[in-house]
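Worksheet: the structure to be examined is printed underneath.
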Amino acid sequence: MDDETRPPPGSDPGADYSPPQDDSSATVLDLTSFQLHDLESVELPACLTELDLTANRLSTLDPRIGQLSNLTKLSFRQNLIKDDAVEPISRWDALSGLEELVFRDNKLMKVPDVSIFRKLLVFDVSFNEITSLYGLSKVSNTLKELYVSKNEVTKIEEIDHFYDLQILELGSNRLRVMENMQNLRNLQELWLGRNRIKSVNLCGLTCIKKISLQSNRLTSMKGFEDCVALEELYLSHNGISNMEGLSSLVNLRVLDVSSNKLTSVSDIQNLKWLEDLWLNNNLIESLEAFAEAVAGSREKLTTIYLENNPCVIKYESVIHEFDPYFNYRVTQFLIKNGIYDFWNWFDDRTWILNSLNIPLSVETVCVFTAPIFSAFASWATYLLTKEVKGAGAGLTAAVLLAMVPSYISRSVAGSYDNEAVAIFALIFTFFLYIKTLNTGSLFYATLNAIAYFYMVCSWGGYTFIINLIPMHVLLCIVTGRYSPRLYIAYAPLVVLGTLLAALVPVVGFNAVMTSEHFASFLVFIIIHVVALVYYIKGVLSPKMFKVAVTFVVSIGLVVCFAVLAVLIALVASSPTMGWSGRSLSLLDPTYASKYIPIIASVSEHQPPTWPSYFMDINVLAFLVPAGIIACFSPLSDASSFVVLYIVLSVYFSGVMVRLMLVLAPAACIMSGIALSAAFEVLTRSIKFQLPGVVGDSQLDAGDTSSNSVVAQNDVAKTGKSEDTVKERPSKKNRKKEKENVEKPSVKSQIKKRLLVLPLEASVIAVLLLVLLGAFYVVHCVWAAAEAYSAPSIVLTSHSHDGLHVFDDFREAYAWLSHNTEVDDKVASWWDYGYQTTAMANRTVIVDNNTWNNTHIATVGTAMSSPEKAAWEIFNSLDVKYVLVVFGGLVGYPSDDINKFLWMVRIGGGVFPHIKEPDYLRDGQYRIDSQATPTMLNSLMYKLSYYRFVETDGKAFDRVRRTEIGKKHFKLTHFEEVFTTHHWMVRLYKLKPPKNRIRGKAKKSKSVFTTHHWMVRLYKLKPPKNRIRGKAKKSKSDFLNSVA
């Protein structure tokens, strides 16, 4: 529409402004959105060919329009025209040449009589209240486009004479049957969406190119078989359960079957021109046969939508990362063989849950285990914080933990890792410890030991518990806060918890032999000495008590020195002083990089950057200090514990980014306490100053003050055993307490008023806290969706042409599973070991269990060696295939070339002939023309860049952003057998000796000799190769001769 015809912005269209008067030569008049009630002020030139009156307030038709003999297009769209007002149109003989007539979005109840227009091509009466198509029989048979959508039509009728009709739009009506369309031989587009049609009946039409039956009641796709010209088919939002009748639609380009009940993809193999395939919101459980189903359209297919299917939740229902695949395999064995066989487990495979008739695979259960336990963790956080600072703080902390990105990274669906379960066990163990500390209940103490045992079973981080709790106990003793409740909370945990932990095969006697546990035993001795001192003090007189203390201290010191001597002897016998490598890495952040490169090579073991804290805990980092301050008013045993918890977790998270996971619950607890305390002060300030609620608020304040005083008194009486039993006061005592509360209420109000803030400041502060919470929620949702919901096995990338999905890992594992023998062994870097075993069902040389440093160093040495030496190493390990991950083509940075220096360092730590400087040029790691010969000849370089120059002619590495140094080379001992679509995973097979040795092979006396000739292996020759001359008699001949 021309801008000149619109009223100026801000003007009143119905008042002083009138439409511009067109000159006599104008042929098009556009009066859209003028809010005209009539056309009296508008001049209608006789030469008009197009008149557009869309979006006005017309309720009658100006008779002058009937005199415009040159008019070909007339639109009354979005007006207030009713049936009576449109009646005169049947007498407009002058408009016999009209080609397009639009009454869309008016108030018509029936089809207008337009029989006078003998050349009509387009007729639109959509968005009215028409209940029947009666009257269409009078419309000219020259009609090509008919629009009657969004009405109340119940039957298709009176369209038999539209032989030239090309577009029929009857969507959003009340149609139940497709009928009376057999004469529409030239129909190309049929739109019948949002009706009540139950079956397809195209009445023999075969030339249709576009069909829409969205939002109907279809249960079958049969009926389209003869529409060979069909190009676009829209069948979303129906009840279709099976894809059928599509194989003959060879010209189909767009197929939309979203929001149905499909369980599989089929019958589209012949659709070679298919470009868009919409399958979202169905019940498709597996994509195993998907590649075969779309094989015929692979060249043209550009868009596939699979969201919200059981097999696809953005990426698909898959287990994230690499390590959890070991847990997945363990779970499979546990379900199949039971708990007793599990203790001696070595390896096994799949099952399906059928005992309860629940159609769930073990993979599905594993995928959703982490979100379920995250809910348990939030519940445990509520219980723990409630014990420390009340229900309000508990609810706030639970809400914060439910969204904190650091924990979501391990609790998102598919994150079937130890930490997903262990964080719940950690928090729940702390809760039971605090609960026992507050109540002195031996029942909760027993539960605490069992929860600790559960933590030991789930994660090696249990040592954090067995060191944090003793530190808190020691803190309470030193600060004079010892009580029988403290003894009950700690002693059963050490005794029963250690015995239970020793039952776990992985832990065993390490529960009493390693340095990580010694602190708990030392504090265990100390608390018994303190308990004995308190007992003697209550029995003896002060004078006798001094003598007894001197004796007990002397004996205690002797025992302590003896125990320490034994511990020192045990520790001294260990090269690492009884500490594990990971524990030493926490105590000394530089230890791993100096002595254990395999630990330092893991990205999760690196120190975090400052942005990591903002990413993982966001605004909680600023609320933690406030929470610590709130814990000191008043300070209790429980609040001192969470303060100690946050301090230690901050330190450990600064050493190792993986332990941000331990920091997250502590940060949520402290932030919950801070927010709860802040809201309490601010809302109390508002209550005190609002008219009409001062009295009530004062009374509430008095109650709160008195309750807090009572609470402080209870805390102060830690030395009395009566505190362990909470008596229920009688009604008489309640009345006395109420009187006592009412008496000091005036003083309480004065004290509370000193904490009251100005009303405006309180309101603003509350709003700011709400905005802070909203920002936290937005950040958490974004982080969960963009940073932590993407599995490492399926990668995505956004570019100018849309979203790209890289499924190369599963493509490679599928190839291994289908094209190799079951007993074949695969060598790769240890990152991919668990995944290869679980998804390809093949044995690997090394995996994510990094305890065997020598074995991993052997693979690192092979990758760092020249091709021939690497072949000998792999051949000695009975390796058949080598897998490397390469990101140079697509820009994937976590490939093996970027990890290669860690392979060199780990290999060099065991095999000294591998030296890191040999792979560096002037201290820099390079793969271009300046790379060292050792680097260019290493197996990793060759397997990664073999044939890479064929991709673009230059061999440009997009990760390292440079052209590689050695572009043209051949492999002599390895052969490429498979490379994935995006070159991210490459598989090579070791060549047999006969293919790599030229000339006549000499018979070697030894079958294998190690690099330094320290170990040599020989094979016994069979008799036929060692007996010369006449062969000896066989056993049967010998027996016959004896007979």
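The values are calculated or read from the model by the stated rules, or taken from the named source; none is laboratory data. Bear in mind the structure is a predicted one, so any value in this text is a computation, not a measurement. So basically every Cβ, Gly included, is an ideal-geometry build from the backbone, and we count neighbours across all protein chains shown.
Structural remarks
- Check on Met455, free of Cβ contacts under 8 Å to residues at least 40 places away in the same chain and part of a helix (DSSP H, G or I): yes
The rows are residues; the columns are (1) farther than 14 Å from Gly390 by Cα; (2) among the acidic types (Asp, Glu); (3) crowded, with 18+ Cβ neighbours inside 10 Å.
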{"position": "Cys631", "(1), (2), (3)": "no, no, yes"}
{"position": "Val647", "(1), (2), (3)": "yes, no, no"}
{"position": "Ser653", "(1), (2), (3)": "yes, no, yes"}
{"position": "Val662", "(1), (2), (3)": "yes, no, yes"}
{"position": "Leu675", "(1), (2), (3)": "no, no, yes"}
{"position": "Arg684", "(1), (2), (3)": "yes, no, yes"}
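- Among the residues of segment 642-658, those identified as of a type in the set (A, V, I, L, M, F, W, C) and either assigned to a loop (DSSP other than H, G, I, E, B) or out of contact with any Pro (no Cβ under 9 Å at 6 or more places or on another chain) (or both) are Val642, Val643, Leu644, Ile646, Val647, Leu648, Val650, Phe652, Met656.
- Taking every residue in segment 824-848 that is closer than 11 Å to Leu877 by Cβ and surrounded by 23 or more Cβ atoms within 10 Å (Cβ to Cβ) and pairing it with any residue that is aromatic (Phe, Trp, Tyr) and modelled with pLDDT of 85 or more, at least 6 positions away or on another chain, the pairs with Cβ-Cβ distances below 7 Å are Ala827/Phe874.
- Reported count of residues in segment 55-90, each being assigned to a loop (DSSP other than H, G, I, E, B), under 20 Å from Asn106 (Cα atoms), free of Cβ contacts under 8 Å to residues at least 40 places away in the same chain and in contact with a strand residue (DSSP E or B) (Cβ under 8 Å, 6 or more places away or on another chain), is 1.
- Considering Leu187, Leu205, Leu218, the condition of being assigned to a loop (DSSP other than H, G, I, E, B) and either within 16 Å of Arg253 (Cα to Cα) or modelled with pLDDT under 90 (or both) is satisfied by Leu205 alone.
- Complete set of residues in segment 113-138 that are in contact with a Ser or Thr (Cβ under 7 Å, 6 or more places away or on another chain), more than 17 Å from Leu71 (Cβ to Cβ) and surrounded by 21 or more Cβ atoms within 10 Å (Cβ to Cβ): Ser126
- Number of residues in segment 23-47 that are under 53 Å from the mean Cα position of the chain (by Cα) and either exposed (fewer than 15 other Cβ atoms within 10 Å of the Cβ) or touching a residue at least 40 places away in the same chain (Cβ under 8 Å) (or both): the value is 1.
- Taken together, the residues in segment 91-142 that are of a type in the set (Ser, Thr, Tyr) and either in a helix (DSSP H, G or I) or in contact with a helix residue (DSSP H, G or I) (Cβ under 9 Å, 6 or more places away or on another chain) (or both) amount to 2.
- Residue within segment 281-289 that is of a type outside the set (S, T, N, Q) and over 23 Å from the mean Cα position of the chain (by Cα) present: yes
- Only residues that are in contact (Cβ under 8 Å) with a residue 24 or more places away in the chain, surrounded by fewer than 22 Cβ atoms within 10 Å (Cβ to Cβ) and not in a helix (DSSP H, G or I) were counted in segment 932-955, giving 4.
- Test for Val882: is it assigned to a strand (DSSP E or B) and under 27 Å from Lys970 (Cβ atoms): yes
- Hits in segment 387-411 - residues which are part of a loop (DSSP other than H, G, I, E, B) and buried (at least 22 other Cβ atoms within 10 Å of the Cβ): Val404
- Residue check for Thr980: touching a residue at least 60 places away in the same chain (Cβ under 8 Å) and farther than 11 Å from Ile897 by Cβ: yes
- Scanning segment 633-645 for residues that are more than 17 Å from Gly390 (Cβ to Cβ) and of a type in the set (A, V, I, L, M, F, W, C) turns up just one, Leu644.
- Scanning segment 869-910 for residues that are among the aromatic types (Phe, Trp, Tyr) and surrounded by 20 or more Cβ atoms within 10 Å (Cβ to Cβ) yields Trp871, Phe874, Tyr881, Phe886, Tyr892, Phe900.
- From the list Asn260, Asn251, Asn281, the one residue that fits, being modelled with pLDDT under 90, closer than 29 Å to Leu170 by Cα and either among the β-branched types (Val, Ile, Thr) or assigned to a loop (DSSP other than H, G, I, E, B) (or both), is Asn281.
- Residue in segment 871-878 that is farther than 23 Å from His973 by Cα and either in contact with a helix residue (DSSP H, G or I) (Cβ under 9 Å, 6 or more places away or on another chain) or in a loop (DSSP other than H, G, I, E, B) (or both) present: no
- Index of the failed condition, Trp902 passing every other in (1) closer than 28 Å to Val977 by Cα; (2) touching a residue at least 60 places away in the same chain (Cβ under 8 Å); (3) assigned to a loop (DSSP other than H, G, I, E, B): (3)
- Number of the exception - Glu50 against (1) exposed (fewer than 14 other Cβ atoms within 10 Å of the Cβ); (2) within 18 Å of Leu101 (Cα to Cα): (1)
- Residue identified as more than 24 Å from Phe561 (Cα to Cα), among the polar types (S, T, N, Q) and in contact (Cβ under 8 Å) with a residue 40 or more places away in the chain among Ser520, Ser515, Ser483: Ser483
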